[in-house]
Amino acid sequence: MDGNGNVAGRVSLDDIIGKLGRQRPVFHSEADFQHSFARALWELSPDVHSRLEVPQRTEGKAEYLDLLCIGPSTRTAIEFKYFTRGWTGTVGTPAEDYALKGHAAVDLARLHFVRDIARLERFCRRSDQNGLAVMLTNDSSLWTPPGAGRGRTRDQEFRIHQGQELAGTLLWAEGAYKANTCTLRGTYRLDWEPYSELDGPGGEFRYLAVSVSPPSDVADDVPSHV
């Protein structure tokens, strides 16, 4: 896939994330992250329209997309994840107090991010629409490779650390829990990037972005939303 991609053919994701990092080094919630992203996109490219929680009709059922960005000629579907460990502090202009909660289920964070990629593969079934799965976190266990000699875990095939590659059919607990099996049509090599550096434990934030392209044989007139 083509690096971090772009949004609606107008703005690179790196430019949006860079602007966000300067304005909002931390967020109160995932919804706060989504809204702030849409605002930064509008400031960089006012001709791109953003729509939150857009229904997508796939495989006979409706699913909801976090953000649909509609440009003059192309569109981008975006799924967000904001997974945090505990952190408190006062930052920003104007200054705001933050008290982030710790989310203990790191294995489920990996599962849900991989599922986002699979969802975007379903959503991006038209030639003029790409997808982006974006995770922002201050939990270093997500980007750090497991140590040597570490035993096999149930989320082994869903690891998303730096340099990992995701492809094909991924089994949860070696296939013991089939509901979590996830199949990807693309191959994705993962590269974490710095986002912000704040004081105290848990003050380092990084983001991971995966770009999803439509299949090469997709029909131009296949609808991806209701």
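Readers should treat all values here as calculations from the given coordinates under stated rules, not as data from a laboratory. Everything quoted here is computed from the prediction, not taken from an experiment. For neighbour counting, all protein chains shown are included, and Cβ atoms are generated from backbone atoms with ideal geometry for every residue, glycine included.
Please identify the pairs in which a residue from the stretch 18-47 that is among the hydroxyl-bearing types (Ser, Thr, Tyr) has its Cβ atom under 7 Å from the Cβ atom of a residue that is in a loop (DSSP other than H, G, I, E, B), counting only partners at least 6 apart or on another chain.
36/24; 36/27; 45/10
Among the residues of the stretch 19-71, which ones are assigned to a strand (DSSP E or B), of a type in the set (S, T, N, Q) and surrounded by fewer than 20 Cβ atoms within 10 Å (Cβ to Cβ)? Walk me through how you get there before you give the answer.
So in the stretch 19-71, the residues assigned to a strand (DSSP E or B) come out as 49-58, 61-70.
Then keep just the ones that are of a type in the set (S, T, N, Q); that gives 50, 56, 58.
Once the filter is applied, which keeps residues that are assigned to a strand (DSSP E or B), of a type in the set (S, T, N, Q) and surrounded by fewer than 20 Cβ atoms within 10 Å (Cβ to Cβ), the stretch 19-71 yields only 58.
Is it fair to say residue 113 is buried (at least 17 other Cβ atoms within 10 Å of the Cβ) and in a strand (DSSP E or B)? Lay out the reasoning, then the answer.
Values: buried (at least 17 other Cβ atoms within 10 Å of the Cβ): yes; in a strand (DSSP E or B): no.
When the stated conditions are applied, residue 113 does not pass them.
Quick test for you: out of 151, 163, 102, pick the one residue that is small (Gly, Ala, Ser) and without any contact (Cβ under 8 Å) to a residue 12 or more places away in the chain.
Working: 163 fails: without any contact (Cβ under 8 Å) to a residue 12 or more places away in the chain; 102 fails: without any contact (Cβ under 8 Å) to a residue 12 or more places away in the chain.
One residue alone meets the criteria, 151.
Condition (residue is in contact (Cβ under 8 Å) with a residue 12 or more places away in the chain, of a type in the set (S, T, N, Q) and under 17 Å from residue 137 (Cα atoms)) applied to the stretch 64-76: is it met by at least one residue? Steps first, answer last, please.
In the first step, residues of the stretch 64-76 are kept if they are in contact (Cβ under 8 Å) with a residue 12 or more places away in the chain; the result is 65-76.
Right, trim to of a type in the set (S, T, N, Q) and you get 73-74, 76.
Filter once more, keeping what is under 17 Å from residue 137 (Cα atoms): none.
No, the conditions are met nowhere in the stretch 64-76.
I'm told residue 125 meets every condition in (1) part of a loop (DSSP other than H, G, I, E, B); (2) among the charged types (D, E, K, R); (3) more than 20 Å from the chain's Cα centre (by Cα) except one. Can you identify the failing condition by its number?
Only one criterion in (1) part of a loop (DSSP other than H, G, I, E, B); (2) among the charged types (D, E, K, R); (3) more than 20 Å from the chain's Cα centre (by Cα) is unmet by residue 125, namely (3).
Just checking, does the stretch 183-193 include any residue being within 26 Å of residue 26 (Cβ to Cβ) and in a strand (DSSP E or B)? Break it down into steps so the answer makes sense when it comes.
Taking the stretch 183-193 as the starting set, the residues that turn out to be within 26 Å of residue 26 (Cβ to Cβ) are 190-193.
Now narrow it down to the ones that are in a strand (DSSP E or B): 192-193.
Looking through the stretch 183-193, at least one residue is within 26 Å of residue 26 (Cβ to Cβ) and in a strand (DSSP E or B).
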